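**Q** Sharing a structure with you now.
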Amino acid sequence: MRIETMPTNFHPVTRRSFFKHMGTGIQGAALIHLFGQNLLADENRAVLSLLPQPPHAPAKAKSVIHLFMNGGPSQMDLFDPKPALDMHHGEPYSNKIAGEIENIKDAGALMRSPFKFAQHGQCGMWVSDALPHLTRQVDDIALVRSLYTTNITHEPAVYLIQTGRMITGHPTFGSWVVYGLGSDCENLPAYVVLDDPLGLPVNGVENWQAGFLPPLYQGTRFRSSGSPVLNLRPELQDPPEIVQMQRALLNRLDHLHKRQRPSQSKLDARIASYELAARMQVSATDALDISRESPQTLEMYGIGRDPTDSYGRRCLFARRLVERGVRFVQLYINGQIWDNHTGLAKDMKAACDRTDLPIAGLLKDLKQRGLLDETLVIWGGEFGRLPIAQLPADKDEKKAGRDHNKNAFCSWLAGGGVKGGTTYGATDELGLAAVENRVSVPDWHATLLHLMGLQHDELYVDEHGLKEKLTGVNEARIVKEILA
Amino acid sequence: MNRESEFFKLSRTLPFDTRDAAMIFSLFSLQLPFLILVFVLVATGQNSTLAETSGGTNENNSGAAFSVQPELTQHDIVPILLLRCTVCHGARKQEAKLDLRSRASMVRGGNLGPAFIPGKPEESLMLKRIRAGECPPQPRLIEATVKPMEADEIVKLTRWIVLGAPEVLEEPDVAGSLADKLIRKEDREFWSFRPPQPTKIPPVTPSDRVHNPIDAFVLQKLAEKDLSLSPEADRFTLLRRATFDLTGLPPEASEAETFLTDKSPDAYVRLIDRLLSSPRYGERWGRHWLDVAGYADCEGRREQHLPRPFAWRYRDYVIRSFNDDKPYDRFLLEQLAGDELADSEHATEITQQIEDNLVATAFLRMSPDPTWANLTGFVPDRLEVMADAIDVLGSGVMGLTFKCARCHNHKFDPIPQRDYFRLLAVFKGAYDEHDWLKPELNGFGGALSAGLGERYLPYVTTVERQRWQKHNAGIQQEVDLLKAAPQTTHTEKQIKEIEARRQPEPRIMALWDRGESSQTYLYRRGNYLTAGLPVQPGVPGVLTEGQTPFEIKPPWPDAKSTGRRLAFARWLTQPNQPLTARVMVNRIWNHHFGHGLVRSSGNFGKMGDKPTHPELLDWLAREFVGQGWSIKSMHRLMMTSNTYRQASTVAPRGEQLDTGNRLLSRMPLRRMEAEELRDSLLWIAGQLDETRFGPAEPVKTRPDGLVLAGKRRSVYVQQLRKQPASLLESFDLPAMNPNCLQRSESLVAPQALHLLNDTAVREMAARFADRVLRAAGDQPTRQVHYIYWTAVSRPPSAEEQEACLQILTGLTEQWTKQLIVSGKPSNLEATRKALTTVCHTVMNSAVFLYID
């Protein structure tokens, strides 16, 4: 791996690995020229770059689209039907699970789902009528119903699902992927975050932090409107002739500087980074320019109408970004729209209505363009919800919701290397806890890394003497059963 | 040891009461054989306590000899009670006058009688209350940040009571013994665990390149490859290199002139001395230390980040310490145990020194800390905070990767897990996971200073306190006057305005020993739910042989403080402590030469890098101690060496034979660090606000996410974990998780975008252009000269000058046209804009951003 804080273990871009890269042809010509000279030539301190790295093992998926459903979507109202809840609806249960309830004083009785379940697709996957559009894509997705986590509070649970640890300061899954694989796209950031203009999720920008990895590996926010990247253009643009002259001067001064300093390859790299910046101005704007997408495509994502427009745009941006070789795209929705402590029937449905069509459209669009095979799509949140009701202050059952549940939640995968149409794992009859084929968060992470061609126990950095990994020190199991 | 007397001492601690007669008897019958056994084992050195995986009292009872050990002892029970009960029935609070920290106090009981009756679980009050779910009381769980007892813990407690609550005596586990079974003799022979060895300065021929012994050591290694040092860098380069290295800013014009016109042989030495006495020196080198400490102005790890309103005092303390060249041993002593250096609580006058002692301890408070919030303030969360503090100390000061030994014996270095917990015990008087001061306004239990935060002490200097009192008294007087006067319609508003000027009480963010702490247990596999054997404070066994024994005594008569950290700090700063001096000279070297002699500056263990020049490292370490731990002496030594003064040019032979510059055949070319860059941009624009010290300058976050800092030096900019100033972040300002020992140098396009397009940077270019106009008038050659002198402290080369002049002419013409088109023709404005573009280009150029 390549990072300067780990001098004993890091494998810099050696000549061999460099030519290996070149053989695969995934590297831009400019960078080939540039990195042909070893960037480590002096000082033995790697100059960090996002040069593509070979995976540990061949993998189908080259990019990731992570649809992060922050808040904790309710498994028994979306993907995990529980007829027993219909039978026992209204029966008290909270005293049996008191230690598992965050808001004990609001705990109500067992509560059936307000949604109706049916089987869909050739695989016969159970999905509730809250997600009518996704039901048509179920043959492409592998659903895991037996995930569990370790904390019932949002912040630690979000840190865990994003970074493998319940505390901040560790690199997110996206940072690890970019650290492990680098980027195939010279003109765009390797890790792009499409956050909701309405606001940030819990933990804010820490959701895409690089932790103890250098900031290079953190996510870059692309804004949905205006200039997509900070400082992509000056607020007051100079006339093109001036820009031209400035670039010419900079180029000349930098070449004069370099000429007197032979074998300082980072100076070449720096000149290239300015060229790259110029190209990024064009490519980043172009990546988010959907004006030439067909009306059918816009329609497929629900763009141009409520309530799907905002999320639909981000889904379409995601497709356009992976199309251009961006390694990791992460989509967020504001606040905690899946955190349905109250008003489950209404509020969770609203969350579905905002995202269902765009996500189904994204899967369909990726597939029809042949991109789904090389893209890994991940859907899921940080935990699940309880089978009992959580009552509002006035104890009105019609406005009931569900409290957090760390013992069971659902997520699904689609795309490269995923066995579509699979339903894996099971919860108990009430949906309280995963009981069959349980999948821990480290298991989940190991599986995701595997799909990207990375081995969880091989991807590490030395941090103050400890080999820090996404999956931590515990054993992690790759969930082979959901792999193609 | 007289075991009989020991036993009776134990008995006397129990209340002699007829009711307890049966219990005493049962205890006697259970315990006596075991006590004998334990003592025999200790005496013969057979006691395998605290081995890697066993650790627990129950795991060793295979074999006939152990069959008499009680199935459960107090060491199985006390950790559970510490976890679940003692927050209300322990050191700080004894609700119902009940203390559950020891068998004796439990049997003594509280207002409602004994907590339990040995042998009679059904009659034991504590069991009844726990089983009924009354204790810990449900409604107060969150407030007290405890969790109810688990079923298996209740079973264990019940069983212990059934057995008569057996207790065993343990020999205290202390470091310093030569018969340490966990450390082998060979372990102590590893280079970094032996004190720095005296070394002979190697004779080198020809000796003309030897300015001081550093060069002799370096030349000796180079000669092995038939290499030598590069030629000396030119004076412009030396001026810029030395000034950035010591002050983080470009040289002042006057300094440049003084140095460049000084033809005496010691001109360069005098330059170094002047730079070392600049107040900017502490701002630069203090920043390096703040990286080690992991400085931040907020707690972290939660959605909202609780501010640390007084953290800046620590930052100022660090800067002042560097400027004062405070001896490093003293610097460490204050930061690790300042609270135990003087009795601040009873001092009649708080001097600057006493205040500094306390402020310094914030070094140990810098970890990201979420424990102010109830839901992230449980024991495991607290242990994370403590682990971070140990990690900072271990990696930053000792060069040891202690955190590997938190869950098991270190896999590569001779650090048994026991030693991790010994170290934890050293800090227990201040950092006790079972008796926690929260970094919040109204904590539970501590209440030293209700309303102002439990972690903030009031002992600022008497002078500052009086000034504050006087200020607020003045305000009170004004308010009283207004109130006494006839009321008008404005009175209320006026009073409000005056009240707004009232200043909050000055406080110190500190860490201090609060006396008796909870017993430290080794946590098997690092898990707080699986407590193993009790551990006493101590230092790593591998570093103890031949050292002054680790001796704990109260820091002053009748002190409440345990003195543990003071003992530790004194041990750590012994002149022949193997690591302390080596790690620090290596750090200083690292900041001057781009990497340490040991490249893994936080890991001097087996998995760390071997020193490239071991003799030089030892020589420097001994020199450092010999010169009174003076950091400035080390700068002088290193920077006046020819090794430091050589050019950074990569020669073909050097490139071939000294790849990675391990032999130091040249100086490295380096990019400015984030703060150097931002501060220099402001400085050349004439915009840098050099106000020193005091509360941080706040950052502002724009809706689009850009985080803007003001105009003060970056070290004084508010350090928020979630909102690092964007310019600094783009250029690799590290996140403090928990600290940073080696900054990274990345090279990515967003850096170019920031410098080219950011409004604040463009604004600075315009201010720079104004300066140029004021100083150089309208003469283009003079303008270009001024730009180069200001930005890179030298005249432009002929080619640079030609390039700039050519473009300057073109730009002026172009801007003149543009201005005519826009209907605002102005030659002056065209010149100004053209100059702005040239200034902006130089601010983007490698010649500015890189230091030779």
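**Q** Using alpha-carbon positions, what is the distance between the centroids of region A:384-422 and region B:173-243, in Å?
**A** 61
**Q** Could you compute the net charge surrounding B:R365? Neighbours are other residues with a C-beta less than 9 Å from the C-beta of B:R365; K and R count +1, D and E count -1. Write down the numbers at each step before the final one.
**A** Details: positive: B:R308, B:R455; negative: B:D369.
Every neighbour counted, the sum reads +1.
**Q** Continuing with the same structure: Could you grab the relative contact order for chain B? Cα pairs under 8 Å, six or more apart, rounded to a whole percent.
**A** 15
**Q** On to the next question. Using only alpha carbon pairs under 8 Å that are at least six residues apart, calculate the relative contact order of region B:757-851 and give it in whole percent. Could you put the intermediate results ahead of the total?
**A** Working: 78 pairs, mean separation 32.7, N = 95.
In percent, rounded to a whole number, it is 34.
**Q** Still on this structure, please answer the following. Taking Cα pairs under 8 Å and at least six residues apart, what relative contact order does region B:462-506 come out at, in percent? If you can, show how the numbers build up before the last one.
**A** Details: 20 pairs, mean separation 26.1, N = 45.
Over region B:462-506, the number comes to 58 percent.
**Q** Return the subset of A:K467/B:K711; A:K467/B:K225; B:K403/B:K438; B:K185/B:K610; A:K266/B:K263 for which the Cα-Cα distance in this structure is over 29 Å, preserving the input order. If you can, show how the numbers build up before the last one.
**A** On the way: A:K467/B:K711 40 Å; A:K467/B:K225 35 Å; B:K403/B:K438 23 Å; B:K185/B:K610 20 Å; A:K266/B:K263 35 Å.
From the list (A:K467/B:K711; A:K467/B:K225; B:K403/B:K438; B:K185/B:K610; A:K266/B:K263), the Cα-Cα distance tops 29 Å for A:K467/B:K711; A:K467/B:K225; A:K266/B:K263.
**Q** Which FRET efficiency value, to the nearest 0.05, do you get for A:D373 and B:Q687 by plugging their Cβ-Cβ distance into 1/(1 + (r/R0)^6) with R0 = 41 Å? Don't jump to the answer; show the numbers that get you there.
**A** Working: r = 54 Å, r/R0 = 1.32.
Step by step, r from the Cβ atoms, then E = 0.15.
**Q** Can you find, among B:C88, A:N95, A:L391, the residue farthest towards the positive end of the dipole of the protein assembly as shown? Put +1 on the C-beta of Lys and Arg, -1 on that of Asp and Glu.
**A** A:L391
**Q** Sticking with this structure for a sec: Can you list the residues, at least 5 places off or on another chain, whose amide H is less than 5 Å from the amide H of B:G110, using H built in the peptide plane?
**A** B:A115
**Q** One-quarter of the Cα convex hull surface for region B:670-744, in nm²?
**A** Taking a quarter of the hull surface, the average projection is 5.7 nm².
**Q** Mind checking the mean number of beta-carbon atoms from other chains within 10 Å of the Cβ atoms in B:467-476? Intermediate values should be presented prior to the final figure.
**A** Details: counts 0, 0, 0, 0, 0, 0, 0, 0, 0, 0.
That works out to 0 on average.
**Q** Note the full-extension length gain between B:K97 and B:R194 as 0.36 nm times their separation in residues minus their Cα-Cα distance, in nm to one decimal.
**A** On the way: separation 97, 0.36 × 97 = 34.92 nm, distance 5.15 nm.
Taking 0.36 nm per residue and subtracting the Cα distance, the gain is 29.8 nm.
**Q** Please list, in order along region B:73-90, the HN-Hα scalar couplings obtained from phi with the Karplus expression 6.51 cos²θ - 1.76 cosθ + 1.60 (θ = phi - 60°), rounded to whole Hz, x for Gly and Pro.
**A** So the Karplus estimates, Gly and Pro as x, are 10, 4, 6, 8, 9, 4, x, 5, 5, 4, 6, 10, 10, 6, 4, 9, 10, x Hz.
**Q** Work through the residues other than A:E429 whose Cβ is under 14 Å from its Cβ and net out their charges, Lys, Arg +1 and Asp, Glu -1. Spell out each step's value before the answer.
**A** Values: positive: A:K82, A:K96, A:R112, A:R145; negative: A:D80, A:D86, A:E91, A:D428, A:E436.
With Lys, Arg at +1 and Asp, Glu at -1, the neighbours total -1.
**Q** Please find the FRET efficiency linking B:T351 to B:L481, where r is the Cβ-Cβ separation and R0 is fixed at 41 Å, and quote it to the nearest 0.05. Can you show the working numbers first?
**A** Numbers: r = 35 Å, r/R0 = 0.86.
That gives a FRET efficiency of 0.70.
**Q** Any chance you could check the Cα centroid distance between region A:131-186 and region A:433-484 for me, in angstrom?
**A** 11
**Q** Could you please report the charge total around B:I350, scoring K, R as +1 and D, E as -1 over all other residues with beta-carbon less than 9 angstrom from its beta-carbon? Write out the running numbers ahead of the final one.
**A** Details: positive: B:R465; negative: B:E349, B:E355, B:E464.
With Lys, Arg at +1 and Asp, Glu at -1, the neighbours total -2.
**Q** Give me the percent of Cα-Cα pairs in region A:235-287 that sit more than 14 Å apart, rounded to a whole number. Mind showing how you got there, number by number?
**A** Values: 876 of 1378 pairs.
Here the long-distance tail beyond 14 Å is 64 percent of all Cα pairs in region A:235-287.
**Q** Still on this structure, please answer the following. Can you list residues from other chains, or at least 5 along the same chain, whose modelled amide H is less than 5 Å from the amide H of B:C135?
**A** Close amide H contacts, sequence-distant or interchain: B:I130.
**Q** I've got another one for you. Using Stokes-Einstein with the Kirkwood hydrodynamic radius over Cα pairs, what translational diffusion coefficient do you get for chain B at 10 °C and a viscosity of 1.306 mPa s, in µm²/s rounded to a whole number? Don't jump to the answer; show the numbers that get you there.
**A** Details: Rh = 30.8 Å.
Rounded to a whole number, D works out at 52 µm²/s.
**Q** If you take all C-alpha pairs in region B:757-851, what percent of them are over 16 Å apart? Intermediate values should be presented prior to the final figure.
**A** Values: 2353 of 4465 pairs.
Here the long-distance tail beyond 16 Å is 53 percent of all Cα pairs in region B:757-851.
**Q** Given +1 on the Cβ of Lys and Arg, -1 on the Cβ of Asp and Glu, and no further charges, what dipole in debye does the protein assembly as shown carry about its Cα centre, rounded to the nearest 20? Could you put the intermediate results ahead of the total?
**A** On the way: 158 positive and 161 negative charges, 236 e Å.
Value, rounded to 20: 1140 debye.
**Q** Computed FRET efficiency, Cβ-Cβ of B:N827 and B:A798, R0 30 Å: what is it to the nearest 0.05?
**A** On the way: r = 28 Å, r/R0 = 0.92.
It comes out at approximately 0.60.
**Q** Going by C-beta contacts inside 10 Å, put A:I482, A:I101 in order with the fewest on the left. All intermediate terms of the calculation are to be shown ahead of the outcome.
**A** Details: A:I482 24, A:I101 18.
Arranged by neighbour count, lowest to highest, A:I482, A:I101 become A:I101, A:I482.
**Q** Restricting the count to DSSP beta bridges whose residues both fall in the protein assembly as shown, what percent are antiparallel, rounded to a multiple of 5? Could you put the intermediate results ahead of the total?
**A** Values: 42 of 65 bridges.
So the antiparallel bridges amount to about 65 percent of the total.
**Q** Moving to a separate point now. Convert each backbone phi in region B:685-690 into a coupling constant with the Karplus relation 6.51 cos²θ - 1.76 cosθ + 1.60 (shift: θ = phi - 60°), then list the ³J(HN,Hα) values in order as whole Hz, x for Gly and Pro.
**A** 7, x, 10, 5, 8, 9
**Q** Mind checking which aspartates and glutamates have their Cα closer than 18 Å to the Cα of B:K128? Skip sequence neighbours fewer than 8 apart in that chain.
**A** B:E95, B:D99, B:E150, B:D152, B:E153
**Q** Within the P(r) computed for chain A, what percentage of the Cα pairs occupies the region above 35 Å?
**A** Details: 40426 of 116886 pairs.
In whole percent, the long-distance tail amounts to 35.
**Q** How many nm separate the modelled label positions at B:V162 and A:R259, each set 7 Å beyond the Cα in the direction of the Cβ?
**A** Here the modelled spin labels are 9.1 nm apart.
**Q** Multiply the residue separation of B:H490 and B:R129 by 0.36 nm, subtract the distance between their alpha-carbon atoms, and state the gained length in nm to one decimal. Present the calculation step by step, with values, prior to reporting the outcome.
**A** Details: separation 361, 0.36 × 361 = 129.96 nm, distance 6.00 nm.
Full extension of this stretch gives 124.0 nm more.
**Q** With helices defined as uninterrupted DSSP H runs, which ones in chain A have an alpha carbon span along their own long axis of at least 30 Å and mean Kyte-Doolittle hydropathy of at least -0.5?
**A** On the way: long enough: A:265-287 (31 Å, -0.10).
Taking the DSSP H segments of chain A (at least 30 Å long, mean hydropathy at least -0.5), we get A:265-287.
**Q** Run the quick spin-label model on B:D778 and B:D343: label points 7 Å from Cα toward the beta carbon, then report their separation in nm to one decimal.
**A** Label-label distance for B:D778 and B:D343, simple model: 7.7 nm.
**Q** Same structure, new question: Per Stokes-Einstein, at 4 °C and 1.567 mPa s, what whole-number D in µm² s⁻¹ belongs to the protein assembly as shown, with the Kirkwood radius over Cα pairs as the hydrodynamic radius?
**A** Values: Rh = 34.2 Å.
After rounding, the answer is 38 µm²/s.
**Q** Determine the calculated [θ] at 222 nm for the protein assembly as shown from helices alone, applying -39500 (n - 2.57) to every DSSP H run no shorter than 4 residues and normalising by the residue count; nearest 500 deg cm²/dmol. Walk me through the intermediate numbers first.
**A** Numbers: 46 runs with 525 residues, N = 1336.
For the protein assembly as shown, the value works out to -12000 deg cm²/dmol.
**Q** Right, next: Which ordering of B:S124, A:S291 is given by a fewest-first count of other beta-carbon atoms within 10 Å? Could the numbers behind the result be given before it?
**A** Numbers: B:S124 24, A:S291 4.
By the 10 Å Cβ count, ascending: A:S291, B:S124.
No value in this document is a laboratory result; all are computed from the given coordinates. As the structure is a prediction and not an experimental result, all values here were calculated from the model. Cβ coordinates were reconstructed from backbone atoms using ideal geometry, including for glycine residues, and neighbour counts include every protein chain displayed.
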